[in-house]
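For reference, the structure is listed below as structure tokens.
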Amino acid sequence: MTLREVLIMSEKRRDRKGRLLKRGEQQNRDGRYEYRYYDIQGIRRSVYSWRLVETDSIPQGKRYKPPLRELEHQIQRDLEDGIQTHTAKRMTLNDLFDHYMELKYELKTSTRTNYQYMYDHYVRETIGHKDIASFRYSDIRAFYNSLLRERGFRLNTIETIHSLLHPAFTLAIRDNLIRVNPSDGVLSDIKKGSPREGHKKQALTETQQAAFMQFVANSVRYRQWGPLFAVMLGTGCRVGEIIGLRWEDCDFAEETISINHSLLYRQKEPRGACEFMVSTPKTETGIRVIPMATEVKRALEQERQFQTEVCPANIIIDGYSNFIFTSQTGGVLSPHTVNRAIERIRTAYNSQETELANQEQREPQLLPHFSAHTLRHTFCARFCEHETNLKVIQEIMGRASITTTMDVYNHVTLEQKIASFKRLGETYKII
């Protein structure tokens with residue numbers, strides 16, 4: 001190479017400030033710096049910045065971007081580790097999640113629909129359009145904080161959303177699109193500053209349970225709900241398991257109930273209309289046999305008599321028929337229908353109790369707001385008061401983890417504390 005050629009090459013490799021540019025670097029006519037490189041697939045790529053190094057100033061009116069040398073350093077590091085930076089910068093979180101869901105072929109239809117609903121309603125139009133390469137811990141933390149503080153979400157809803165985002169980002173790591181999972185540690189850090197005490201699921205006390213059931217039994221308007229609530233309070237089953245219960249699931253001779261499916265009312269297809277469907281348990285622990293308590297047996301026999309005389313069931317869902325608990329027209333019940341009935345009964349009871357308390361000049365003993373799931377929790381609380389074997393409790397409740405069982409078992413009501421101290425006072429003398 002001649003001296004002239006060397007001088008020309010040297011001149012081309014300098015920017016307008018006279019600084020020597022490295023291989024692959026150049027300054028374009030508009031003043032922007034460009035770095036050209038080949039990605040791990042051998043495709044030529046370019047990145048741009050208005051600054052060469054950190055100390056350079058950003059031209060007025062131009063958007064902030066890391067200096068070119070910083071971008072080069074990141075690119076070289078990604079190339080060494082096999083990270084597909086270019087692809088990651090062009091893949092949005094929405095793209096990643098949709099790809100993740102396509103790979104989860106083993107998901108049950110009801111689970112898939114629920115996942116899709118949660119993502120579409122709370123993520124897709126908020127942070128879903130952001131490219132996955134630009135996500136940082138602080139972005140996920142800020143998103144969760146906004147759901148908690150601005151939208152009033154409960155922590156368990158955040159946990160559900162996190163259970164969608166975290167594995168999706170993990171997939172991106174395994175596909176060499178990103179290096180670290182930006183959602184790592186976010187949920188645990190939020191939990192530290194968001195105590196769950198205010199969101200503990202409360203069981204009905206024995207007094208509240210008795211008041212509720214007696215009111216239903218004595219009400220001409222609501223007494224038809226008595227057998228359903230009695231079975232829920234006597235088995236601890238989930239509402240979907242109860243409304244999906246069939247007569248062939250009940251062995252009256254052996255006095256057992258087989259729990260092997262649930263009746264759901266959800267979208268079968270994303271963004272589709274809701275309809276009834278039958279779903280089997282996600283884990284083997286969900287399939288179980290429960291002893292049929294005397295009061296439960298009596299309630300089931302009462303319901304069978306009602307169904308025989310008044311309203312025989314006449315509906316088939318996913319091949320399942322002969323449902324025990326039905327509407328007055330012979331159709332199946334939905335969880336929403338059960339919860340609305342509970343709320344109507346609670347309102348009617350509280351109204352009656354308030355009026356009676358005023359007449360008797362005492363404080364009314366009102367029922368708190370509760371749902372069908374509270375009845376399951378109430379059964380577990382009563383069961384824990386009489387059963388010390390946690391494994392038995394776990395199997396009856398159909399829980400995959402013993403942690404939830406421990407949470408209920410360790411929950412002590414005020415009534416239990418008072419009773420315990422009363423027994424203590426009979427034998428324990430301080431002075």
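The values are calculated or read from the model by the stated rules, or taken from the named source; none is laboratory data. Values in this document were obtained by computation on a predicted structure and should not be read as measured data. Please note: Cβ atoms are built from the backbone with ideal geometry, for glycine as well, and neighbour counts cover all protein chains shown. Please note that ligands, DNA and RNA were not included when accessible areas were found on the heavy atoms of the full protein model with its side chains. Shrake-Rupley method; radii C 1.70, N 1.55, O 1.52, S 1.80 Å.
Could you tell me whether Thr337 is of a type outside the set (Gly, Ala, Ser) and farther than 24 Å from Asp251 by Cα? Yes, satisfied. For segment 359-373, which residues satisfy the criterion of being part of a helix (DSSP H, G or I) and open to solvent by less than 20 Å² (accessible area, probe 1.4 Å)? Across segment 359-373, the qualifying residue is only Ala372. Is it the case that some residue within segment 157-172 is of a type in the set (Phe, Trp, Tyr) and open to solvent by 10 Å² or more (accessible area, probe 1.4 Å)? No: segment 157-172 contains no residue that is of a type in the set (Phe, Trp, Tyr) and open to solvent by 10 Å² or more (accessible area, probe 1.4 Å). For segment 191-242, filtered to residues that are open to solvent by less than 70 Å² (accessible area, probe 1.4 Å) and outside any helix (DSSP H, G or I), the residue that is modelled with the lowest pLDDT is Ser194.
Taking the numbered list (1) over 30 Å from Val47 (Cα atoms); (2) among the β-branched types (Val, Ile, Thr); (3) open to solvent by less than 40 Å² (accessible area, probe 1.4 Å) in turn, Ile178 passes all entries but (1). Within segment 142-156, the set of residues being open to solvent by 10 Å² or more (accessible area, probe 1.4 Å) and not aliphatic (A, V, I, L, M) comprises Phe143, Asn145, Ser146, Arg149, Glu150, Arg151, Gly152, Phe153, Arg154, Asn156.
Checked across segment 399-412, the condition of being out of contact with any Lys or Arg (no Cβ under 9 Å at 6 or more places or on another chain), assigned to a loop (DSSP other than H, G, I, E, B), surrounded by 15 or more Cβ atoms within 10 Å (Cβ to Cβ) and modelled with pLDDT under 85 holds for at least one residue. Exactly one residue out of Arg179, Arg151 is of a type in the set (Lys, Arg), in a loop (DSSP other than H, G, I, E, B) and over 19 Å from the mean Cα position of the chain (by Cα), and it is Arg179. Going through segment 30-45 one residue at a time, which ones are surrounded by 11 or more Cβ atoms within 10 Å (Cβ to Cβ) and either closer than 20 Å to Leu20 by Cα or within 40 Å of the chain's Cα centre (by Cα) (or both)? Within segment 30-45, Gly31, Arg32, Tyr33, Glu34, Tyr35, Arg36, Tyr37, Asp39, Ile40 meet the criteria. Pick from segment 154-176 the residues that are more than 16 Å from Met101 (Cα to Cα) and touching a residue at least 40 places away in the same chain (Cβ under 8 Å): which of them is nearest to the chain's Cα centre (by Cα)? By that ranking, first place goes to Asn156.
The single residue among Arg346, Arg382 that is in a helix (DSSP H, G or I), in contact with a Leu (Cβ under 7 Å, 6 or more places away or on another chain) and basic (Lys, Arg) turns out to be Arg346.
Looking at segment 307-328, which of the residues that are among the hydrophobic types (A, V, I, L, M, F, W, C) and surrounded by 13 or more Cβ atoms within 10 Å (Cβ to Cβ) is farthest from Pro227 (Cα to Cα)?
Narrowing segment 307-328 to residues among the hydrophobic types (A, V, I, L, M, F, W, C): 310-311, 313, 315-317, 323-325.
Remaining after also requiring surrounded by 13 or more Cβ atoms within 10 Å (Cβ to Cβ): 311, 313, 315, 317, 323-325.
Details: Cys311: 15, Ala313: 16, Ile315: 20, Ile317: 23, Phe323: 14, Ile324: 10, Phe325: 9 Å.
Only one residue fits best here, namely Ile317.
Yes or no: segment 309-324 includes at least one residue that is charged (D, E, K, R), in contact (Cβ under 8 Å) with a residue 40 or more places away in the chain and on the phi > 0 side of the Ramachandran plot. Yes; the residues of segment 309-324 include at least one that is charged (D, E, K, R), in contact (Cβ under 8 Å) with a residue 40 or more places away in the chain and on the phi > 0 side of the Ramachandran plot. Being within 30 Å of Asn94 (Cα to Cα), in contact with a helix residue (DSSP H, G or I) (Cβ under 9 Å, 6 or more places away or on another chain), among the acidic types (Asp, Glu) and in a helix (DSSP H, G or I): is that true of Glu159 here? Considered against the rule, which asks whether it is within 30 Å of Asn94 (Cα to Cα), in contact with a helix residue (DSSP H, G or I) (Cβ under 9 Å, 6 or more places away or on another chain), among the acidic types (Asp, Glu) and in a helix (DSSP H, G or I), Glu159 comes out as yes. Number of residues in segment 95-117 that are open to solvent by 60 Å² or more (accessible area, probe 1.4 Å), over 18 Å from Thr170 (Cα atoms) and either hydrophobic (A, V, I, L, M, F, W, C) or within 15 Å of the chain's Cα centre (by Cα) (or both) equals 2.
Quick one: would you say Ile127 is modelled with pLDDT of 95 or more and part of a helix (DSSP H, G or I)? The answer is no for Ile127. Reported count of residues in segment 59-81, each being open to solvent by less than 70 Å² (accessible area, probe 1.4 Å) and either of a type in the set (A, V, I, L, M) or under 23 Å from Val180 (Cβ atoms) (or both), is 9.
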